1. Indicate the gyration tensor shape class of the stretch B:116-161 (rounded, prolate or oblate), computed on the Cα atoms with a ≥ b ≥ c the square roots of the eigenvalues: a/c under 1.5 is rounded; otherwise a/b larger than b/c is prolate and the rest oblate.
2. Could you tell me which chymotrypsin sites (Phe, Trp or Tyr not before Pro) in the stretch B:11-87 are loop residues by DSSP with no more than 15 other beta carbons within 10 angstrom of their beta carbon?
3. Within the stretch A:27-65, which residues have the backbone N less than 16 Å from the label spot 7 Å out from A:Asp85 along Cα→beta-carbon, could you tell me?
4. Rounded to a whole number, what % of the accessible area of the stretch A:147-242 do carbon and sulfur atoms account for, probe 1.4 Å?
5. Which aspartates and glutamates, if any, have their Cα less than 19 Å from the Cα of A:Lys323, not counting same-chain residues under 8 positions apart?
6. Probe of 1.4 angstrom, ligands and nucleic acids ignored: what's the accessible area per residue over the protein assembly as shown, in square angstrom?
7. Report Rg (one decimal) and Dmax (nearest whole number) for the stretch A:247-386, counting Cα atoms only, units Å.
8. Using 0.36 nm per residue of separation minus the Cα-Cα distance, give me the extension gain between B:Asn111 and B:Lys74 in nm, one decimal.
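The values are calculated or read from the model by the stated rules, or taken from the named source; none is laboratory data. This structure is a prediction, so every number in the text was calculated from the model and none was measured. Don't worry about glycine lacking a Cβ; one is built from the backbone with ideal geometry, like all the others, and counts go over all protein chains shown. Heads up: the accessible areas ignore ligands, DNA and RNA and are worked out on the full protein's heavy atoms, side chains in. Shrake-Rupley method; radii C 1.70, N 1.55, O 1.52, S 1.80 Å.
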Amino acid sequence: MKTAKIVGQIPPSGIRVFFDLVLGMKDVISLGVGEPDFVTPWNIRERAIYAVEEGYTSYTSNKGLVELRREISKFLKNKHGLDYDPEEEILITVGVSEAFDLSLRAIIDRGDRILIPEPAYVSYRPITMLCGGTPVSINTSPGSNFKITPKDISRLCDKKTKAMILNYPNNPTGASYSKKELKAISEVILKRDLIMISDEIYGDLTYDFEHTPFATLPKMKERTIYLNGFSKSYAMTGWRVGYACGPKSLIGAMTKIHQYTMLCASIISQMAAVEALKSGERSVQEMKREYRRRREFVISRLNEIGLSCHRPEGAFYAFPSIKETRLSSLEFSRRLLEKEKVAVVPGTAFGSLGEGYLRLSYASNMDKLKEALLGIERFVKSLSQI
Amino acid sequence: MNEIIEILERDARATPEEIAKMLGMTSKAVALAIKKMEKEGIILKYKAIINREMSKEERNDVRALIEVKLTPQKNVGFDHLAERIYQFPEVTSCYLMSGTYDLLVVVEGGNIHTVSSFVSEKLSPMEGVRGTVTHFILKKYKEDGDILKQPERSKRPAISL
């Protein structure tokens, strides 16, 4: 059967084969995971079990449970001073992935250009293409700690440029932005009349300064779609709950698409998310301290081993360079897996700009991290002896 | 300093070099801080957590919680009596409680008889002890924050984006 042309044009995920190799192997020490290494806190799980017992098994309002929208509104107000009306400016989605998809579908007209700092999360480029948009890459490199500058935006902007996607802290590079840096970016966004799609799913995991939501910057709230969810902060990846906040017109448009495609997020997950917001802040802080220690450990070990690595300011990923070894990302990862049973993600999973890098997740306990880094050390040494 | 404690409480075997890397300090500074805390008695000692049910050794695997009622003494309250009680090697923990009794004494012994003879021969006859109630522990599920079984294998896939 013939599929749509556009599907054929989406770059295939070249590392599927590598992923299958990892998943088929036993006793792998994994630094390849894009999710926290613990299960959802018990109080949240218990709430979901109880919700099922109580008979909460129906659809919810398309926008999501009003109780959850109110909690999110309250949470954003308390934590960041952000004001979103739970009735018209918040939409509950099936993870940030859906919220992201809806954002692009709601704004892209055929031929619109969307700026994407790269290396980037895997879905940004394909979804832009599926919506009929043209992805425009903003190259980032370790020289600038994988950050973009206002100049980059100006240089690449033209009349057809509609929006920019900014993910900070970034998956895979860990790059994040201080308030000052964001302010400078926001000035160009305003000048060029762009929409900002701000994916802040790792916002709670910012280590060296306070995380600043893009929408808190002057004049940005009316042109920003703020995306966040429960996956990373509350270890709730499998529950699939996220949310989008933004101006009424955009959230309204997104809700329209959402009601025809998803209808609503799972009521059980939404109930659990309410509990997460009511209880969670303390454990989030504890988790952040733990991740920060792991970050320091991993970065310092990687540099010791000779894989140069900048200090990521957030998320739970290190993104070291392996250019010295002269192996491709995929080759390095494959051989490391075969020799030492250590799984990492080749940088090329995040676009061609990821060539020469690896993504190492430090969402693993200390013992595993130590063991994995010893494996990497042995592997790198064995390379230099040839 | 507090973060060093947090790390050691979770893994007492973490070396000063490793802790230094985690906290961005020099290992010398970490070693010094640990020494200081040991000297000041903030860190008392380092122990392994044993799951007795798995270890198959019969030693000290019977444990009882004993509620003890005391007659307080002039000037020292319960402290002297508590001291006389907690010095016994059978006593693993001893707390002064609010409520219907005064001391909660945790006693460990090789079998039920060693524990009961401790209660009947040493604890109960002691001057100032007005009465005891002994509860034997049948099974331990969780102790001091540690769940006493082998952690389950992680259910998350080994690689994801």
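1. In terms of gyration-tensor shape, prolate.
2. B:Tyr46
3. Of the residues in the stretch A:27-65, A:63 have backbone N under 16 Å from the label point off A:Asp85.
4. On the way: 1770 of 3440 Å².
The computed percentage sits at 51.
5. In chain and number order, the partners are A:Glu118, A:Glu304, A:Glu331, A:Glu355, A:Glu377.
6. Per-residue value: 51 Å².
7. 20.1, 62
8. The span from B:Asn111 to B:Lys74 would gain 9.6 nm if fully extended.
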